Amino acid sequence: MRKSLARGSFPIVVAIVSTGLVPVVRPQPPAPSPPRKLLDQYCVTCHNQRARTADLLLDKMDVDQTAGHAEVWEKVIRKLRGGMMPPPGLPRPDTPALDSFLSYLETSLARDAAANPNPGRAPLHRLNRSEYANAIRDLLDLNVDIASLLPADDEANGFDNIADVLKVSPSLLEQYLTASRQISSLAVGDPSLTPVSEIYRVPPDLAQEDHIEGLPLGTRGGLLIHHNFPLDAEYDFSVKLLRNIVGYITGLEWPHQLEISVDGVRIFRAPVGGEEDNKMMDANLGVAGDALDARLKARIPVKAGRRTVVVTFLRKNSAESVEPLQPFTRDLDLQNMNGIPLIDYVDITGPFKATGPGETPSRRRIFSCRPSAATEELTCARKILTTLAPRAYRRPPSRKDVDLLLGFYEEGRKKGSFEAGIETALRLILADPKFLFRYEADQPGAGPGAIHPVSDLDLASRLSFFLWSSIPDDPLLEVAAQGKLHDPAAIERQVKRMLADPRADALVTNFAGQWLFLRNLQSAIPDRDTFPDFDDNLRQSFRRETELFFASIMREDRSVLDLLTADYTFVNQRLAEHYGVPNVYGSQFRRVKISDENRRGVLGQGSILTVTSYPNRTSPVLRGKWILENILGTPPPAPPPNVPPLKENSEGSKPLPLRAILEEHRKNAACASCHRIMDPLGFALENFDAIGQWRTREPGGVVDASGQLADGSKVDGPAALRNAILAHPEQFVETMTEKLLTYALGRGLEYYDMPVVRSIAQDAARDNYRFTSLVAGIVRSTPFAMKRAEPQP
């Protein structure tokens, strides 16, 4: 049966073949990969060749082959991580699908980056003025007021150490030359110095009715001054009291004692106020003012060096005090009749009748030898200069460098003393491009574009300017000179040593100060009518709290997540009263435990809440933008042109809640897309007013801190916002890593740096995101430890 069937079938087969009707089996196209399916379902509707939304064409982009298109995929990752895409109101993938897609992209890009490492550019880097001042401190053991010598530096990418904007102009070079001359003269102790005057002003909104941190106990008001006295000599100290607009010195109804001390030793005391002074002021403003000015001026001998000068009033005890307690005001009008006199400024002038350069720390640092005869001078000069030059230049000086320095020494010696010659050579060091600029040579034999490790000496400079904003010290240079700094164990030991050093405070003042906007506090001036209790004391307390808080994370090597979650902070009495923390007395800061969940971490600190507000009200927009940029790493796009201003509440009309005002603003389609993302983040902090005090009501009604974030999470206050952020802790850690790496490299990050950022954060996760884990990951990374050889001219 089977055989006959086969025989019968043969003519049919032959017929089919002969007529060309053989069926062709076409291969079915492979099913799209999960990443492709997600893109097609949620993204391609807008991002295609026809719509060209944001000029992002994902319909033809091969998501299964990410190599060659890293820049595009990094944009996709940032938008998705920030919840910005798909836009609110459009279908969105569920969380597992989105996480899987992002994981696929990040893994693919990491693999591509490992196969083709790219350290980016290593641009010529001028020392900014903070680095210059720190380098002077560490080279010469001399602290200088750098703001009086050099202008502020430009910023980019959130920091002022970005090489691309640290330009050099003829005017700036002239200022560096002037600075080198003045600093050398001060460091050596030039006996030909002529008297100069320096004025130290009390901040206009500093409250002076109470003790100020750093001043002696038992005093009130005044100011603390760090002044460089260039020579052993006499100096004039002149104190001016605050006058109102017509020249009336207030607070003279009762007697007071004004005191000046230098390094804790009282050098001057004078009475101020009382019946006679008050009568004289009432009778003749000019005569009384001149008499008080003359009484509060004295010429005092002071030893050379940096001294701590305190000018303050002695505080009376309750038995002695007869003046009534009054609220502080500094209005310069006729109604400013405080019960206490106020210091306006202090003028220090000198030197007069100098007796010598003295024995200052800078002279001890510079003069490593002292010639006893003229025949010993050149040998001693060589020793001094070959000791200073390697640290100043961050590498051993060449013979040509040393000969040039000795030539300048000899020119100065011809015109004066041995010390004058050293001062002249020191001017050259401080103005030398090898001191002012961080230049990194390519590895010998490296062809243009070749990737190679930076030299150990250059790595030492990168490390010290990252952690200290200053030059390497001798232990670091010694390890580098031995060629051991690229060894992982060796550099880790140096990182731990350097973070434990007081010079690491530069990470607090320079890195955290800019990342967290603490520097902006100085220009924050809340409206006096709205916030009558705000003053400079509170402003400085805000800044000090956050600096101490960040320093505790760094010094104790805590998880960087504690920046958001820590159940402690640092307060003095002024700040504790502002926050409602009981049983804290005095101006000294101390660590306290936080019982209020809403106050935990930087999102509950007055510094952040003030710099993200307007003078007269909060700003959910500014606060939301700050969180997107500095906590989540997903900065919003710039606002479109011609956006209408927010319609504020007007006088005489019933005030509307801020939420209602912003909802009206969001009706503009051009504004809505970004505000839907920013505003809920900011509204979650609305219980904090514009100076960080807790409130339950706002103008227009009860505070409503509820909202829905871009990923659908519902929040109703600071604690809920923090928990929503911590649902994805890696996002905050990656943002902090991105900021740290930008600061460490002194350049803006590019798309090819992002796999490195994620790798550092992932490695740190295994160590609970400890601070040192992030730093160690950065210093071992390709962008930090490697460079690309430059094309030859």
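Compute and list, largest first, the equivalent-ellipsoid semi-axes of the stretch 385-428 from the alpha carbon gyration tensor, each √(5λ) rounded to a whole angstrom.
Details: eigenvalues 77, 20, 8 Å².
Sorted largest first and rounded, they come to 20, 10, 6 Å.
With everything on Cα atoms, drop me the angle between helix 95-115 and the longest principal axis of the chain, reported from 0 to 90° to the nearest 10.
80
Can you give the angle from 0 to 90° between the axis of helix 456-467 and the longest principal axis of the chain, with both taken from C-alpha atoms, to the nearest 10?
That helix lies at roughly 70 degrees to the long axis.
At a 1.4 Å probe radius, carbon and sulfur cover how many percent of the accessible area of the stretch 179-286? Provide the component values of the computation, followed by the final result.
Details: 2550 of 4610 Å².
C and S atoms contribute 55 percent here.
Expressed as a rounded percentage, what relative contact order does the stretch 680-752 have, with Cα pairs under 8 Å and six or more residues apart?
Relative contact order for the stretch 680-752 comes out at 23 percent.
When the accessible area of the stretch 693-747 is computed with all protein chains present and a 1.4 Å probe, what percentage of it is carbon and sulfur?
Working: 1010 of 2150 Å².
On the stretch 693-747, the fraction of accessible area on carbon and sulfur atoms equals 47 percent.
Aspartates and glutamates within cross-link reach of Lys654: Cα-Cα under 13 Å, excluding same-chain residues under 8 positions apart?
Output for Lys654: Glu698.
How high is the relative contact order of the chain, given as a whole-number percent (alpha carbon pairs under 8 Å, six or more residues apart)?
On the way: 1222 pairs, mean separation 112.7, N = 793.
Once divided by the residue count of the chain, the mean separation gives 14 percent.
Can you list residues whose amide H is under 5 Å from Asp153's amide H, if they're 5+ apart or on another chain and H is modeled 1.01 Å from N?
So Asp153 has HN proximity to Arg129.
Could you tell me how far the Cα centroid of the stretch 765-784 sits from the Cα centroid of the stretch 420-487, in Å?
Centre-to-centre (Cα) distance: 22 Å.
Is the C-alpha gyration tensor of the stretch 508-657 telling us rounded, prolate or oblate? Criteria: a/c under 1.5 is rounded; beyond that, a/b larger than b/c is prolate, otherwise oblate.
Oblate, because a/c is 1.5 or more while a/b does not exceed b/c.
Taking the alpha-carbon set of the stretch 729-793, what are its Rg and Dmax in Å?
For the stretch 729-793, the Cα radius of gyration and maximum Cα-Cα distance read 12.5, 47 Å.
Measuring with a 1.4 Å probe in the full set of protein chains, what accessible area per residue, in whole Å², belongs to the stretch 118-160?
Details: 1600 Å² over 43 residues.
In whole numbers, the stretch 118-160 has 37 Å² accessible per residue.
May I ask for the distance between the Cα centers of the stretch 576-635 and the stretch 182-219, given as a whole number of Å?
31
If the cut-off is 16 Å between C-alpha atoms, which aspartates and glutamates fall inside it for Lys297, apart from same-chain ones fewer than 8 positions away?
Glu198, Glu234, Asp236, Glu259, Asp344, Asp347
Compute the long axis of helix 620-630 from its Cα atoms, compare it with the longest principal axis of the Cα atoms of the chain, and write down the angle in degrees, 0 to 90, nearest 10.
80
Picking from Ser781, Pro729, Val715, whose Cα lies most toward the positive end of the charge dipole for the stretch 711-791 (charges on Cβ: Lys, Arg +1; Asp, Glu -1)?
Ser781
Using θ = phi - 60° and the Karplus curve 6.51 cos²θ - 1.76 cosθ + 1.60, what whole-Hz ³J(HN,Hα) does each residue of the stretch 528-534 get, with Gly and Pro shown as x?
Working through the residues one at a time gives 5, 5, 7, 10, x, 8, 6 Hz.
Treat every Asp and Glu Cβ in the chain as -1 and every Lys and Arg Cβ as +1, leave all other atoms uncharged, and give the resulting dipole magnitude about the Cα centre to the nearest 20 debye. Kindly include the intermediate steps, with their values, before the conclusion.
Values: 95 positive and 100 negative charges, 556 e Å.
With Lys and Arg at +1 and Asp and Glu at -1, about 2660 debye.
Can you pull out the trypsin sites (Lys or Arg not before Pro) in the stretch 110-215 whose DSSP state is coil and whose Cβ has at most 12 other Cβ atoms within 10 Å? Don't skip to the end; give the middle numbers.
Details: sites: Arg111, Arg121, Arg126, Arg129, Arg137, Lys167, Arg181, Arg201; in loops: Arg121, Lys167.
Within the stretch 110-215, the qualifying trypsin sites (Lys or Arg not before Pro) (loop, at most 12 other Cβ atoms within 10 Å) are Lys167.
Counting other Cβ atoms within 10 Å, keep those with at most 11, restrict to DSSP loop, and tell me which trypsin sites (Lys or Arg not before Pro) in the stretch 31-62 are left. Don't skip to the end; give the middle numbers.
Working: sites: Arg36, Lys37, Arg50, Arg52, Lys60; in loops: Arg50, Arg52, Lys60.
Here the sparse-neighbourhood loop sites are Arg50, Arg52, Lys60.
Tell me which aspartates and glutamates have Cα within less than 16 Å of Lys383's Cα, excluding those fewer than 8 residues away on the same chain?
Hits, sequence-local ones excluded: Asp401, Asp403, Glu410, Glu419, Glu423.
Kindly flag which residue pairs out of Lys400/Lys496; Lys240/Lys303; Lys75/Lys625; Lys484/Lys787; Lys75/Lys739 have an alpha-carbon separation exceeding 28 Å in this structure.
Numbers: Lys400/Lys496 37 Å; Lys240/Lys303 24 Å; Lys75/Lys625 18 Å; Lys484/Lys787 18 Å; Lys75/Lys739 17 Å.
Lys400/Lys496, as the Cα separations exceed 28 Å there.
Loop only per DSSP, at most 16 neighbouring Cβ atoms within 10 Å: give me the GluC sites (Glu not before Pro) in the stretch 537-583, ordered by residue number.
Working: sites: Glu545, Glu547, Glu556, Glu577; in loops: Glu556.
Passing both the DSSP loop test and the Cβ count: Glu556.
Please give the calculated 222 nm ellipticity per residue for the chain, where each DSSP H segment of at least 4 residues contributes -39500 (n - 2.57) and the sum is spread over every residue; nearest 500 deg cm²/dmol?
Numbers: 28 runs with 324 residues, N = 793.
Estimated from H runs of four or more residues: -12500 deg cm²/dmol.
About its Cα centre, what dipole magnitude does the stretch 457-502 give when the only charges are +1 on Lys and Arg Cβ and -1 on Asp and Glu Cβ, stated in debye to the nearest 20?
140
The values are calculated or read from the model by the stated rules, or taken from the named source; none is laboratory data. If you're wondering where the values come from, they're calculated on a predicted model, not measured in any experiment. Reconstructed Cβ throughout: ideal geometry from the backbone, glycine too, with neighbour counts over all protein chains shown. Quick note on the areas: whole protein, heavy atoms, side chains included, nothing else; ligands and nucleic acids left out. Shrake-Rupley method; radii C 1.70, N 1.55, O 1.52, S 1.80 Å.
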